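*Asks:* Handing you this structure, nothing more for now.
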Amino acid sequence: MAKKGIVKFDIDKCKGCELCVVVCPKHILKIHEHDVNIMGYHPISVSDEEQCIGCANCAVMCPDGVISVYTE
Amino acid sequence: MKTVFEYTRGMLPVTTGYCPGCTHGIAHRILMEVLIERGTLGETIGVAPIGCSILSHNYLNVDMCESAHGRGPAVAAGIRRALPDKTIFTYQGDGDLASIGAGEIVHAAHRGEKFTTIFVNNAIYGMTGGQMAPTTLIGQKSTTGVDGRKKEVSGMPLRMAELLATIDGAVYVERVALDTPAHVRGAKAAMHRAFEIQEKRLGFSFVEVLSTCPTNWGLPPTAALKWLADNMIPYFPLGILRTPGEVK
Ligand SMILES: Cc1ncc(C[n+]2csc(CCOP(=O)(O)OP(=O)(O)O)c2C)c(N)n1
């Protein structure tokens, strides 16, 4: 079975650019529809963390240091 | 729990002023990761340009010196003479390096200066609001070329990596891109090689980083990544243009 990944977000640094969204191989990242962060952006969220494989593609593409990735 | 990725302590814990999706943030981070992995963060001096990354000294956790527009290489050359043991880099945009600073970079390479230049090519002047750069592509719209760049008026886009690779003192020249995770990882590997060359004092090392400017390209950040891949990479091919082995 693939390794289970864990993603953590530093929400208030997110500018909602979605670069992480398009590189996620599992398509489980999405921008919050309602929530806004301290800068007024809709920040990133994870829809189904169970599917995360911990590849860190999202964190590698994040220009703002929002994302940390761990595996169990 | 095993850590796969955490934001590098080479970046100061602040929010950058860059627009959403601007790849300057990625270039900054991998540069700092490289310095940490090489154990040279504490003895590095960076030279900031004029351009959007003018405030990079507020973001990068290294000692930095500002420079006049395009004159980063001249400042770095001075630092190298005053402090011969330091690791030194310049971080420059395409307006800064390929336009007003074209003379400085050519002669830094020509003298074989022992520092590394990170050249962030986003094919436009970002900070000043989207004017045409020497690297702007044919047909690409800018505020000073509203119908798109025309060859008859502005010439063909300047390929700085190829130009510098003709100079003997430039011992390491590579072009990379930041449009995919694989390319970002490759860009980081290129920076490792460039700093290794500097540490061995073999000569000038140069990494051109193809980047996006979603705001001035008028594209959403994710579409800008695709625009880079579809338009910039064909004209600015990726790869190593020069290594020490080719330098006699
Ligand atoms: C001597 C001088 N001329 C012109 C300017 C105006 N100016 C500021 S930034 C810039 C261009 C920056 O573009 P680039 O190097 O591509 O960096 P980017 O902002 O895209 O990262 C110009 C022309 C200046 N500050 N100083």
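*Asks:* Condition first: under 20 Å from residue B:227 (Cα atoms), open to solvent by less than 10 Å² (accessible area, probe 1.4 Å), within 15 Å of the ligand (Cβ to nearest atom) and among the hydrophobic types (A, V, I, L, M, F, W, C). Can you find one or more residues in the range B:121-128 that meet it?
*Replies:* Yes, there is a match, as at least one residue in the range B:121-128 is under 20 Å from residue B:227 (Cα atoms), open to solvent by less than 10 Å² (accessible area, probe 1.4 Å), within 15 Å of the ligand (Cβ to nearest atom) and among the hydrophobic types (A, V, I, L, M, F, W, C).
*Asks:* Something else now. Counting just the residues of the range B:18-64 that are touching a residue at least 60 places away in the same chain (Cβ under 8 Å) and at positive phi, which one comes out surrounded by the fewest Cβ atoms within 10 Å (Cβ to Cβ)?
*Replies:* B:51
*Asks:* Right, next: All but one of (1) under 20 Å from residue B:128 (Cβ atoms); (2) free of Cβ contacts under 8 Å to residues at least 12 places away in the same chain hold for residue B:15; which doesn't?
*Replies:* Of (1) under 20 Å from residue B:128 (Cβ atoms); (2) free of Cβ contacts under 8 Å to residues at least 12 places away in the same chain, only one is false for residue B:15: (1).
*Asks:* Filter the range A:55-72 for residues that are under 11 Å from the mean Cα position of the chain (by Cα) and assigned to a loop (DSSP other than H, G, I, E, B) and give the result.
*Replies:* Residues satisfying the conditions are A:56, A:62, A:65, A:66.
*Asks:* In addition: Take the residues in the range B:222-231 that are out of contact with any Cys (no Cβ under 9 Å at 6 or more places or on another chain) and buried (at least 24 other Cβ atoms within 10 Å of the Cβ); name whichever of them is nearest to residue B:92 (Cα to Cα).
*Replies:* By that ranking, first place goes to B:228.
*Asks:* Right, here's the next one. In the range B:109-127, which residues are within 24 Å of residue B:237 (Cβ to Cβ) and part of a loop (DSSP other than H, G, I, E, B)?
*Replies:* B:122, B:123, B:124, B:126, listed by residue number.
*Asks:* Let me ask something additional. If only one of A:61, A:39 is facing another protein chain (nearest Cβ under 9 Å), open to solvent by less than 60 Å² (accessible area, probe 1.4 Å) and of a type in the set (A, V, I, L, M), which one is it?
*Replies:* Within the list A:61, A:39, the selection yields A:61.
*Asks:* Kindly provide the set of residues from the range B:190-221 that are within 14 Å of chain A (Cβ to nearest Cβ), open to solvent by 40 Å² or more (accessible area, probe 1.4 Å) and either more than 13 Å from residue B:22 (Cα to Cα) or not aliphatic (A, V, I, L, M) (or both), ordered by number.
*Replies:* Across the range B:190-221, the qualifying residues are B:215, B:220.
The values are calculated or read from the model by the stated rules, or taken from the named source; none is laboratory data. A quick note: this is a predicted structure, and the numbers were derived from the prediction, not measured. A quick note on method: Cβ atoms are made from the backbone with ideal geometry, for glycine too, and the neighbour counts reach across all protein chains shown. Protein only, heavy atoms only, side chains kept; ligands, DNA and RNA dropped before computing areas. Shrake-Rupley method; radii C 1.70, N 1.55, O 1.52, S 1.80 Å.
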